[in-house]
Amino acid sequence: MNNYRLTIQYDGNRYKGWQRLGGGENTIQGRIEQVISEMAGQPVTIIGASRTDAGVHALGQVANVKLQDDVAEVKLRNVLNHRLPADISILSVERVPEDFHARFDAKAKTYLYKIWNEGHSHPFMRRYSMHVKKKLDLEAMRRAGEHFLGEHDFTAYSNAKAHKKKTVRTVYDLTIEEAHGMIDIRVRGNGFLYNMVRKIVGTLIEVGIGNKDPDEIPDIIASKDRARTGLLADAYGLYLEKIEYDE
C-alpha cells in the first residue's frame, strides 16, 4: 500500500467544513475523495489532520491517503488540481511511510484568526475576517491571552455537542499583531476542541472592547462553564495555518 501526504489550501466559505458527513453535503474531504476515488477506480478515504468547521479556511491543512497503485506524486497533485474546484488547491504531495497518520501523528497545530478593526467595512476581506468596529485594546487582549498558555481543561471553551471525553489541551503560543487595521491572532497548541479557537478569540474580543477583565480568564477556565466564555467568533475569520510533525 502506498501512502501519500497532501498539503491543502482551501476557501471554506461555500463548504460545510472539512469532514464528509454522509448526507451528500458539500465538504472539502468529500470533494477530494471523489476525485481520488475516480482516479483509483474504487472508493478511497482520506484522513485529515484537523476537522475544520463550516466556513473555516485552511492555509496548510494536511491529509494522507493510501492507494494500492503506485502513483507518481506529481501526477497525483496535477490530477487533483485539474479536477478540483478553484477554491481547493493541493500545494504538495509527498510519499510517506505506510504508518503515517495525518491526525494522530500531528505534534502541533497553528490557527490564525483575522479581525478587521476599523469603523468602515473592508470590501475585499469581508468574507475572510471578522469586522469589529469598536477599537480593540490590544494590550488588554495580550494580557488575557497569557492566561490561555499551558495545559488546561478547556471544557469552558468546548462545544456541548462535541462529546469529547478528554478536554485537556496545551496551548504553546498565543500572539496578537496589528497592521493597518487588520489584527492577526495566532494560537498554537497540541490540539484543539471543537470551536475552541473561535471561543478563545471571542473572549479576547470581549476583553478588547472592555466587557471582560483580562484577569477573569483563569476563573472562566477553572469554572468549566461554557456560558461564561461569551462571544463565539465568526467562522470565516479562522484559518488552519500549519500542522507540525516530527520529520
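The values are calculated or read from the model by the stated rules, or taken from the named source; none is laboratory data. Quick caveat: nothing in here was measured; it's all calculated off a predicted structure. Here the Cβ positions follow ideal geometry from the backbone for every residue, glycine too, while neighbour counts run over all protein chains shown.
Things to note:
- Counted as qualifying within segment 33-122 are the strands (runs of 3 or more DSSP E) with 3 or more residues that are within 30 Å of Leu136 (Cα to Cα) and either polar (S, T, N, Q) or touching a Gly at 6+ places or on another chain (Cβ under 6 Å) (or both), namely 108-116.
- Consider segment 133-157 and keep the residues that are touching a residue at least 40 places away in the same chain (Cβ under 8 Å) and of a type in the set (A, V, I, L, M, F, W, C). The one that is farthest from Ala235 (Cα to Cα) is Ala140.
- Beta carbons closer than 6 Å, at least 6 apart along the sequence or on distinct chains, pair a first residue in segment 167-196 that is outside any strand (DSSP E or B) with a second that is of a type in the set (Lys, Arg) and at pLDDT 95 or above for Gly191/Arg169.
- Filter result for the condition that a residue is in a helix (DSSP H, G or I) and modelled with pLDDT under 95, over Ala227, Ala222: Ala227
- Search result, residues across segment 116-132 that are under 18 Å from Arg198 (Cα atoms) and free of Cβ contacts under 8 Å to residues at least 24 places away in the same chain: Arg126, His131
- Every condition in (1) touching a residue at least 60 places away in the same chain (Cβ under 8 Å); (2) under 13 Å from Val71 (Cβ atoms) is met by Tyr10 except one, and the failing one is (2).
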